[in-house]
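The values are calculated or read from the model by the stated rules, or taken from the named source; none is laboratory data. Given the structure is predicted, the values throughout are model-derived calculations rather than measurements. Here the Cβ is made from the backbone with ideal geometry for all residues, glycine too, and neighbour counts use every protein chain on show.
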């Protein structure tokens, strides 16, 4: 190969490398930017007076005197709405034909107002929090305001074509009635009725959830994820490091060790759902670490899942230690085990820590292994001793559950993105911690 060809090849490889790096960065930005922006929307948002009332009644927070004055002002702005509805209902009671025509449209209006503003003054206290409060977030209030002001009608302009949806003002249905002014009044005074203001809700990360995550925070899910991750590492790291020490320092190379390494590599590629079924069959149904789902069973299952990763990372770290380290320790009279513990293991610690933290990141983000062994959709934060027998909510499982099975999925988009953002931030934090710890350990070793 000529010198010119080498230069051309080097430039081509450099350009390809830069393009690849640029594509990776662009993909990360495209993925993480929406998650970050919408995830932060669960913490920084425009709250309404209904949110502040919920915080006072459910969590005993805020200035009760200021809240009472704010609620009084909001009720004063809402009073004409209820007066117009009462007057219209009285009119329907006197006119039977009119009642038949407007009964259903009026019921739709009252349902939307109930979701927007909460129950009418003097109404009986509802059981579910979602029935006791109006919209706590201004962005969702704007959605319900649009539903109040407009409705969808299917119009067929051409007999040969299917009907098409068209938005029409809902007030047109009540034209000429005493309820017609209501829609313009709500549109012009919605700010006075809900009194939005910017809020920094950092307690979203530690608060318990209310009414299946419609209100409150994700404290139980964050704590459950930490329990499962730390538990998995406590079981996997000792077994993984000891196995790696045996394979590198003590085992004689042969077909048995080769077969063992093949099994370890195979386990690393097994689908995670298989580990979940194994955890259910072995840890719960066979050795009975708990009577049913428990955080302990989930942690053991995750430990088996990340064990091959810990073994492989520890093996590579141990192999990277120069042979002269071992020879120097043995020449000074140290036993093989003393040489491993005192010399080889400390020298390989940065690589082992990196592998352990990567395993923690994988354990924190796994969903399938904990479906059958540990996770529940709704639950309270567990005390440490309760993890031995009780299941727990966890971020991966609850993200899936809220996005696919929740009956009010559109109302809690901010919770879903908040959970995703928290999980991504947790994994990134673990990886950043690995970089910092590795750098400090390496600096100490260099003296």
Task: Filter result (more than 15 Å from residue 296 (Cβ to Cβ) and buried (at least 18 other Cβ atoms within 10 Å of the Cβ)) within the stretch 226-240 - done: 237, 240
Open item on the list: Condition check: under 19 Å from residue 436 (Cα atoms) and at pLDDT 85 or above. Does residue 342 satisfy that?
Closed with: no
TODO: Go over the candidates 359, 394 one by one and state the one that is crowded, with 17+ Cβ neighbours inside 10 Å, touching a helix residue (DSSP H, G or I) at 6+ places or on another chain (Cβ under 8 Å) and farther than 24 Å from residue 28 by Cα.
DONE: 394
TODO: With respect to residue 270, determine if the residue is outside any helix (DSSP H, G or I), closer than 19 Å to residue 438 by Cα and modelled with pLDDT of 85 or more.
DONE: no
TODO: Go through (1) over 30 Å from residue 100 (Cα atoms); (2) at pLDDT below 90; (3) surrounded by fewer than 21 Cβ atoms within 10 Å (Cβ to Cβ) and name the single condition residue 172 misses.
DONE: (1)
Open item on the list: Name the residue that is farthest from residue 373 (Cα to Cα), counting only residues in the stretch 388-406 that are touching a residue at least 40 places away in the same chain (Cβ under 8 Å) and over 10 Å from the mean Cα position of the chain (by Cα).
Closed with: 406
TODO: Only residues that are more than 20 Å from residue 316 (Cβ to Cβ) and touching a residue at least 40 places away in the same chain (Cβ under 8 Å): list them for the stretch 330-366, please.
DONE: 336, 364, 365, 366
Open item on the list: Among the residues of the stretch 404-413, are any touching a helix residue (DSSP H, G or I) at 6+ places or on another chain (Cβ under 7 Å), at pLDDT below 90, surrounded by fewer than 22 Cβ atoms within 10 Å (Cβ to Cβ) and in a loop (DSSP other than H, G, I, E, B)?
Closed with: yes
- [ ] From the list 111, 120, pick out the single residue that is assigned by TED's automatic domain parsing to the domain that holds residue 193, without any contact (Cβ under 8 Å) to a residue 40 or more places away in the chain, surrounded by fewer than 16 Cβ atoms within 10 Å (Cβ to Cβ) and not in a loop (DSSP other than H, G, I, E, B).
- [x] 111
Open item on the list: Please list, ordered by residue number, the helices (runs of 4 or more DSSP H) wholly in the stretch 279-389 having 2 or more residues that are assigned by TED's automatic domain parsing to the domain that holds residue 224 and touching a strand residue (DSSP E or B) at 6+ places or on another chain (Cβ under 8 Å).
Closed with: 295-319
Open item on the list: Being farther than 25 Å from residue 423 by Cβ, touching a residue at least 60 places away in the same chain (Cβ under 8 Å) and surrounded by 10 or more Cβ atoms within 10 Å (Cβ to Cβ) is the requirement here; does residue 54 meet it?
Closed with: yes
Open item on the list: Being under 30 Å from residue 422 (Cβ atoms) and touching a residue at least 40 places away in the same chain (Cβ under 8 Å) is true for just one of 33, 23, 40. Which residue is that?
Closed with: 40
Open item on the list: Can you say whether residue 29 is farther than 17 Å from residue 194 by Cα, in contact with a strand residue (DSSP E or B) (Cβ under 8 Å, 6 or more places away or on another chain) and surrounded by 10 or more Cβ atoms within 10 Å (Cβ to Cβ), as far as the supplied structure shows?
Closed with: no
